[in-house]
Amino acid sequence: MKLIITVDTEGDNQWDPAMPRSTDNLRFIPRFQDLCERYKIPPTYLCTYDGAAPPAFDEVLLPLPQGSRAEIGAHLHPWTNPPFSRWDRSETVPAYPSELPAGVFARKLECLTGLLLGKLGAPPRRRA
């Protein structure tokens, strides 16, 4: 049996616009990563743009792919991912990737994978 663990790695308080946005939650990843390493389960951290852009990503997540301790993948949240457009959010709810016009989706995904490529030295890859 093979166990796969994915972790949505994103900013705090995205679902409540009244709350301040931060990425403080990234500072708790080492504790979870230690648990995964104890049981020899390399997690996959699926990072949004706001999860991959801050210095905390560089400090906490960037070292993990070395030695196969973890994988880093892309997780597109249109409302936090440039280039920003009128499609990102309706009046009350954020738009999901499947709701974007193809061109808007492609530009956002290129931006996110470009950020990860610049930080990791390799683009996230699609698993077969």
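The values are calculated or read from the model by the stated rules, or taken from the named source; none is laboratory data. The structure displayed is predicted, hence computed values, not measured ones. Counting neighbours? That spans all protein chains shown, and the Cβs are built from the backbone with ideal geometry, glycine included. The area values use the complete protein model at the heavy-atom level, side chains included, leaving out ligands, DNA and RNA. Shrake-Rupley method; radii C 1.70, N 1.55, O 1.52, S 1.80 Å.
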task = Arrange the residues F84, F32, F57 by how much accessible surface each exposes, largest first, with a 1.4 angstrom probe.
result = F84, F32, F57
ask   = In degrees from 0 to 90, rounded to the nearest 10, what is the angle of the helix 102-120 Cα long axis to the longest principal axis of the chain?
value = 30 degrees
note = In the list [x] 100; [y] 226; [z] 129, the entry giving volume of the Cα convex hull per residue in Å³ computed from the coordinates is [z]
ask   = So how exposed is M19, as accessible area in Å² (1.4 Å probe, rounded to 10)?
value = 90 Å²
key: Heavy atoms of T6: accessible area, 1.4 Å probe, square angstrom to 10   = 80 Å²
request  = Grab the DSSP H runs of the chain that are 4 residues or longer, score each as -39,500 (n - 2.57), total them, divide by all residues and round the 222 nm result to the nearest 500 deg cm²/dmol.
outcome  = -8000 deg cm²/dmol
query = If we count trypsin sites (Lys or Arg not before Pro) as exposed when they sit in a DSSP loop and have at most 10 other beta carbons within 10 Å, what is the longest stretch of the chain that avoids them all?
reply = 41-85
request  = Tally the DSSP beta bridges in the chain and give the antiparallel ones as a percent, rounded to 5.
outcome  = 20 percent
inquiry  = Helix 29-38 against the longest principal axis of the chain: what's the angle in degrees, Cα atoms only, rounded to the nearest 10?
reply    = 40 degrees
inquiry  = Using Cα-Cα distances under 8 Å and only pairs 6 or more residues apart, what relative contact order does the chain have, in percent?
reply    = 21 percent
query = Using a 1.4 angstrom probe with every protein chain in place, what is the largest-first accessible-area order of L3, L62?
reply = L3, L62
remark   = Descending accessible area (1.4 Å probe), largest on the left, turns W87, W15, W79 into W15, W87, W79
task = Could you give the size of the charge dipole of the range 1-118 about its Cα centre, using +1 on the Cβ of each K and R and -1 on the Cβ of each D and E, expressed in debye and rounded to the nearest 20?
result = 300 debye
query = Full extension from M19 to Y96: what is 0.36 nm times the residue separation minus their Cα-Cα distance, to one decimal in nm?
reply = 25.7 nm
message = Can you compute the FRET efficiency between R27 and L62 using 1/(1 + (r/R0)^6), with r the Cβ-Cβ distance and R0 = 22 Å? Round to the nearest 0.05.
response = 0.95
task = Would you mind pulling out the separation of the Cα centroids of the range 80-113 and the range 1-18, in Å?
result = 18 Å
key: Positive dipole terminus of the range 1-100, leading residue within N25, G11, P63 (C-beta point charges)   = P63
